[in-house]
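The values are calculated or read from the model by the stated rules, or taken from the named source; none is laboratory data. Values in this document were obtained by computation on a predicted structure and should not be read as measured data. Here Cβ is always computed from backbone atoms with ideal geometry, including for glycine, and neighbour counts include all displayed protein chains.
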Amino acid sequence: MSADVTTQAPGRASSRPGGGGFSGAVAAEWTKLWSLRAPYACLLAGTAVTAVFTFYYGSIARINGEPLQPVGNAPVSSVALVQFAVVVLAMTAVTSEYATGSVRTSLLWVPVRHRVQLAKSLVTGAVSFAAGVLWGVLGVAVAWGPFGGHATFTVAGVLSHLLAMGLYCALTAVLTVGTAFALRHAAAVLSVLAFLLAALPNMLVGLGGPVLLTVNDYLPQTAGGYFMRGGGAPYAAPVGLLIVLVWTAAAHLTGRAVLGRRDA
């Protein structure tokens, strides 16, 4: 009788730690994401919302006789709505595992816990970046006709808007993954992010006043808007990106801290 024995030089780590290391974790998360229905529904919903909103945006600009503006403003403005397709997509990648208990299997396969979060962030961020760019392309194509001469088109300007949309969507996905690991329940994640990304900015703008408007300028959606539009008052585009990065890092680190302390 013989047995297969895997030998390893003393002091040398296995070449496949934690189920294949980080690359294995990423591959597993990619497979798990597309085994769910939610990503397909989210991408389809984002596409439909982008098409409807950008057509409306261009039409209103023409009807109201608004000044010339970059055609990329239309899809950028739609992000206030389509970002929630990204939120649900990224949230589901985490909360679906907590709901079914399959997160235990994920943590057994990748025992270094923060790798699971990093892998989910990378996969959902990459998908969201691609979705944001493609939604931007669709928005430009749809809005150009309804604008009826009230929009300008330059290759550099459109590319800038498209890449900025993709990056903002990717960061929103990473922010959502961090929040989802911290809260672990879909309803809680949606409630917190709906308040942070939509309700709070609208409340602050509605109430008005220099203090509240200044606070609003440093919320992720507002800062992302300045970034995607190329800056302007009260700060330049890179500052807007930096603010979104800070929010994203805070959510990611909070999620990592909770994941490290609490069992699945």
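No other residue among Leu138, Leu163, Leu107, Leu122 is hydrophobic (A, V, I, L, M, F, W, C) and without any contact (Cβ under 8 Å) to a residue 60 or more places away in the chain apart from Leu163.
Taking the criterion of being in a helix (DSSP H, G or I) and either in contact with a Phe, Trp or Tyr (Cβ under 7 Å, 6 or more places away or on another chain) or without any contact (Cβ under 8 Å) to a residue 60 or more places away in the chain (or both), the residues of region 61-96 that qualify are Ala61, Arg62, Ile63, Ala74, Pro75, Ser77, Ser78, Val79, Leu81, Val82, Ala85, Val94.
In the set Thr105, Thr100, which member is touching a helix residue (DSSP H, G or I) at 6+ places or on another chain (Cβ under 9 Å), modelled with pLDDT under 95 and among the polar types (S, T, N, Q)? Residue meeting the stated conditions: Thr105. Checking each residue in region 20-46 for being surrounded by 17 or more Cβ atoms within 10 Å (Cβ to Cβ) and not hydrophobic (A, V, I, L, M, F, W, C) picks out Gly24, Glu29, Lys32, Pro39, Gly46. Scanning region 143-168 for residues that are surrounded by fewer than 24 Cβ atoms within 10 Å (Cβ to Cβ), closer than 25 Å to Thr222 by Cβ and either touching a Phe, Trp or Tyr at 6+ places or on another chain (Cβ under 8 Å) or among the acidic types (Asp, Glu) (or both) gives Ala151, Gly166, Leu167.
Within the set Tyr218, Tyr235, the sole residue that is of a type outside the set (S, T, N, Q), modelled with pLDDT of 95 or more and in contact with a helix residue (DSSP H, G or I) (Cβ under 7 Å, 6 or more places away or on another chain) turns out to be Tyr218.
Of the helices (runs of 4 or more DSSP H) lying entirely inside region 169-243, those containing at least 1 residues that are within 17 Å of the chain's Cα centre (by Cα) and surrounded by 18 or more Cβ atoms within 10 Å (Cβ to Cβ) span 186-194, 220-229.
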